[in-house]
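We did not get these values from a lab; they are worked out from the coordinates using the rules stated. This one's a predicted model, so the numbers in the text were calculated from it and none came from an experiment. Note: ideal-geometry Cβ built from the backbone for every residue, glycine included; neighbour counts use all protein chains shown.
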Amino acid sequence: QVQLVESGGGLVQAGGSLRLSCAASGRTFSSSAMGWFRQAPGKEREFVAAISWSGGSISYTDSVKGRFTVSRDNAKNTMYLQMNSLKPEDTAVYYCAAKSVPWLEVGEYNYWGQGTQVTVSS
């Protein structure tokens with residue numbers, strides 16, 4: 001089992017920045033690929049970004065490329081999402097998730113956090 005706790009959400013004006021954190025416990029964090037997802041009101045949950053166990057493989061959805069940066073610190077069992085140039089359409093609940101495998105290309109996200117709200121005002 002792994003437990004995931006997100007933090008860092010809040011209210012920010014368009015063009016501003018936030019950094020989300022995802023603290024993991026209960027399993028070997030460094031052997032897990034991790035991801036960020038988001039769900040806006042009335043919409044399906046969507047993929048935002050993912051990072052392999054070593055950080056050597058990273059993926060983003062097109063709408064956040066150049067604005068968001070995913071990273072991890074395996075010594076601290078924590079993953080981050082730096083969000084810059086935020087837009088109102090980035091408003092959503094952001095979730096972190098973990099796989100049981102180290103790589104992005106295989107496996108499913110088996111573990112999920114409770115989510116943190118990000119609201120971007122225009």
- line: Per 5 angstrom bin, beginning at 0 and ending with the bin that holds the maximum distance, the Cα pairs of the range 1-90 fall in percents of 3, 13, 24, 25, 19, 10, 5, 0
- request: Compute the relative contact order of the chain as a whole-number percentage, counting only Cα pairs closer than 8 Å that sit 6 or more residues apart in sequence.
  value: 36
- prompt: How much length, in nm to one decimal, is gained on full extension between Gln117 and Ser25, taken as 0.36 nm per residue of separation minus their Cα-Cα distance?
  reply: 31.0 nm
field: Distance between modelled label sites at Glu44 and Ile58, nm, 7 Å Cα→Cβ extension
entry: 2.7
- prompt: Loop-only check: which GluC sites (Glu not before Pro) in the range 41-110 are DSSP coil with at most 15 other Cβ within 10 angstrom?
  reply: Glu44, Glu105, Glu108
- prompt: Based on Cα positions only, what radius of gyration and what Dmax would you give for the range 55-122, in angstroms?
  reply: 13.2, 39
